[in-house]
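Colleague: After the structure tokens below, expect a handful of questions from me.
Bear in mind these aren't lab numbers, they're just calculated from the coordinates by the rules spelled out. If you're wondering where the values come from, they're calculated on a predicted model, not measured in any experiment. Here Cβ is always computed from backbone atoms with ideal geometry, including for glycine, and neighbour counts include all displayed protein chains.
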Amino acid sequence: MRDSMKTYLMSAAMVLALTPTGGLVLAQDPGIPDTLRIDSAVAYAGGSGELPVYFTNDQSLTGVEVTVSWDSPEVTVDSFSFVGGRLAGYTSTGWATIDSGLSIYFIAFEDLIPPGEGLLGTIHFGYLSTIDPQLVTVDTATIFAPQVEYSTLFSDDFHEPFSPQVVKGYLDIQTGGCCIGDRGNIDNSPDDAVDISDLVYLIDYMFVSGAAPVCPGEANLDGDLEEIIDISDLVYLVDYMFQDGPPPPPCYQ
């Protein structure tokens, strides 16, 4: 029988520390709110959506369980990535889709999560290109599956679970072309500049399992009518940046 993350963490042995005189040292909480924050982002009907998830903890953690759901049946989760996050170096992490939700977890078998703040990971959403424009709310949830309860809990260094503060996020799916001006703004920078960061983004996506471009049209450097992102786009960008090649064409070409 599968145990929920909550049951697993609560059944773990409590960690006790002894003073030189044999007394107990209780964990001291500095009082900074432990928080889970789901970011908000704009996505386009012709592309895909990504929402970073961040967390803050003012004490060492032995476990993290995050369960989120969203309010649109037209949106699904393609994957969750720990790349670039605070837990990227840990092995006891994972994620799974459950009913209409997503469960993300970490269990400390050796190293604890030290106090700090930063990225937990990124949710990659998918949807049909014909989706209507909509604002999708992404929030934590409690989901009951057979013999398992999924929720959002942090566990302190005594293996005691507690509920963090939560800030929900939004995926704003818009219609219309996401490509603006000329192609090449692969990293979706606000200034629409084409620079080395776009080249790095494209290389990471093609060869290091990095995030997909938010707007495929921006990464379609050679103007392929099917907007296929492949080695020819990388060659085009390298030629433009280092070999005096032609600039990226306008988005309408």
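Colleague: From Cα pairs below 8 angstrom and at least 6 apart in sequence, can you work out the relative contact order of the range 177-253, rounded to a whole percent?
Modeller: 35 percent
Colleague: What ranking, highest mean first, results for peptides 162-169, 116-123, 148-155, 238-245 when packing means the other Cβ atoms within 10 Å averaged over each residue?
Modeller: Highest to lowest by the protection proxy: 148-155, 116-123, 162-169, 238-245.
Colleague: Could you give the distance between the Cα centres of the range 193-253 and the range 114-132, to the whole Å?
Modeller: One Cα centre to the other: 22 Å.
Colleague: Ranking request for peptides 97-103, 65-71: highest mean number of other beta-carbon atoms within 10 Å first, then the rest in descending order.
Modeller: Those peptides, ordered most packed to least, come out 65-71, 97-103.
Colleague: For residue 166, what residues show an amide H to amide H distance below 5 Å, using hydrogens built from the backbone and excluding near sequence neighbours?
Modeller: 36
Colleague: Can you bin the range 177-253 into rounded, prolate or oblate? Criterion: square roots of the alpha carbon gyration tensor eigenvalues sorted a ≥ b ≥ c, rounded for a/c under 1.5, prolate for a/b above b/c, oblate for the rest.
Modeller: Rounded, because the longest to shortest axis ratio a/c is under 1.5.
Colleague: Also, quick follow-up: Search the structure for amide H atoms under 5 Å from the amide H of residue 125, placed 1.01 Å from N in the peptide plane, and list their residues when 5 or more places away or on another chain.
Modeller: 49, 50, 51, 78
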